[in-house]
Amino acid sequence: MLNYFLTVVSQVITLFLLMAVGYVLGRMGRIDREGCAQFTFLLLYIVTPCVIVDTMQVHLEDSLLRELGLALFLMIGLYLCYSLFAIPLARTAPLDTRAPLQFGAIYGNVGFMGLPLAEAVLGSEARIYAVLTMVVFNVYSWIHGVLLMGGRKALSPVRAVLNPGTVSLVLGLPCLLFGLRLPGSIQTAVGFVADLNTPLAMVVIGAQMSAVDLPATLRQLRLYTASAMRLVVLPFFTALVLLPFHLSTLLYCTMVILSGAPSAGSTSMFAQRFGRDTATAAQLVSLSTVLSILTLPLMAVLAQQLSALG
């Protein structure tokens, strides 16, 4: 167990060193807000689809198909539970502040931090399950997340359907179901772009954190409450709920690790788009990311230990 814990700690530290590069560049003014927005667009609309399409070019056995179907069902149910858990959070705060706190507690950074960590700790086999989580995250956040942040008037069927996750799923699903493969050069290019996910995402997160007033962030109790829900309560709940389903160790640990990822960067993007408190959103993303260096190794070890019981 100690060796596994140290392995996870080592991988988390690696991710934070990459964030440090972005943080330093942000403080030096080499990556400004406009640069972060451009890199984020690249990640969301180019890199993420490439990750999904590249991952779905695997040999689909019956056992994997059953696992993916079960994982899809469980992930939808878990996000529903997460949404219910977040309702009492910051109830007395104004809506502009409450909405980002609840959003950040529900939605974790599964694509830009959860996926790299799960892949580093559990191996490349974990990527297919992480990608499935990313798809559910995209669809759910563009429906429930938009409703939470912008209200019913902001909810649009187009947004729920035409987002990076669902579009890339449509492109990648035939590869998964029918064993199709992209032509050699195209597949290589898609793989190269997909490999940008970890380093580029970490640098962008670090650059975004450089613009946040960390001393002020560390003094706000409600940010700790939301972070505790995102980093401790939800992954612990996930670990317990999944036990009776007797999932494979790989699937179980992947889902628990992803459920403990810090608040999604889209918390800030959604807050800005729908006129909510962007400062609170950015502070929550930053604080939960910093605290995750302590919680992610613990949740990974918890998942490994509990998987033996399942």
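The values are calculated or read from the model by the stated rules, or taken from the named source; none is laboratory data. Note that the structure is a prediction, hence the values are computed from the model and not measured. Note that each Cβ is placed from the backbone with ideal geometry, even for glycine, and that neighbours are counted across all protein chains shown. Protein only, heavy atoms only, side chains kept; ligands, DNA and RNA dropped before computing areas. Shrake-Rupley method; radii C 1.70, N 1.55, O 1.52, S 1.80 Å.
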- Close pairs (8 angstrom Cβ cut-off, 6 or more residues apart or separate chains): open to solvent by less than 40 Å² (accessible area, probe 1.4 Å) in the stretch 6-35, among the hydroxyl-bearing types (Ser, Thr, Tyr) and in a helix (DSSP H, G or I) anywhere: 12/292; 15/198; 19/289
- Query: Somewhere in the stretch 287-297, is a residue within 28 Å of residue 155 (Cβ to Cβ) and more than 19 Å from the chain's Cα centre (by Cα)?
  - Reply: no
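Condition first: outside any helix (DSSP H, G or I), at negative phi and touching a residue at least 60 places away in the same chain (Cβ under 8 Å). Can you find one or more residues in the stretch 185-196 that meet it?
yes
Suppose we filter 91, 66 for residues that are modelled with pLDDT under 90, closer than 23 Å to residue 241 by Cα and either open to solvent by 50 Å² or more (accessible area, probe 1.4 Å) or touching a Pro at 6+ places or on another chain (Cβ under 7 Å) (or both); which single one remains?
66
Which residue, of 288, 266, 227, is buried (at least 24 other Cβ atoms within 10 Å of the Cβ) and under 16 Å from residue 12 (Cα atoms)?
288
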- Query: For the stretch 125-174, which fully contained helices (runs of 4 or more DSSP H) count at least 3 residues that are open to solvent by less than 60 Å² (accessible area, probe 1.4 Å) and farther than 16 Å from residue 259 by Cα?
  - Reply: 146-150
- Task: Kindly provide the set of residues from the stretch 269-285 that are in contact with a helix residue (DSSP H, G or I) (Cβ under 8 Å, 6 or more places away or on another chain), part of a helix (DSSP H, G or I) and surrounded by fewer than 20 Cβ atoms within 10 Å (Cβ to Cβ), ordered by number.
- Result: 269, 272, 273, 278
